[in-house]
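**Q** The structure is given below, and queries will be raised subsequently.
The values are calculated or read from the model by the stated rules, or taken from the named source; none is laboratory data. As the structure is a computational prediction, the values presented were derived from the model and not from experiment. All Cβ positions, glycine included, derive from the backbone under ideal geometry; neighbour counts span all protein chains shown.
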Amino acid sequence: MFTLAGPGGRVLLQTRRGALVQCAFPDLVAAAEAQLPAGLVLDGELLVWDSEAGALSFEGLQRRAAARTRSAPTLAAKLPAFSWCSTSCRPTAGSFCTCRMWSAAPAWRPCSPTTP
């Protein structure tokens, strides 16, 4: 997930294979747009929680990733997405850092940040 440089930059969410899936995860995009600085690049994993099963759900993640714009908000309410980010950098600021972050829509919470 990354934002474009500059205020109000659009958040993009990209899979390992390069597909853009931000329309399928409106909850994470909204949290990122509201709380993360422009130009930040995050590398991590998306997780989906199945509240009925009380566990992480790979099937739920697949359903969320395949969701169309119209069905995405309904799935987001039923199967909330979280992002565990292992690295981040801000290339627009000319500096790179590494940190571990646990993020959960609607609040991004850093934990154990480190700098090189």
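**Q** If only one of Ala53, Ala38, Ala5, Ala65 is at pLDDT 85 or above and in a loop (DSSP other than H, G, I, E, B), which one is it?
**A** Ala53
**Q** Quick one: count up the residues across region 68-80 that are touching a residue at least 40 places away in the same chain (Cβ under 8 Å), part of a loop (DSSP other than H, G, I, E, B) and either under 16 Å from the mean Cα position of the chain (by Cα) or surrounded by 14 or more Cβ atoms within 10 Å (Cβ to Cβ) (or both).
**A** 1
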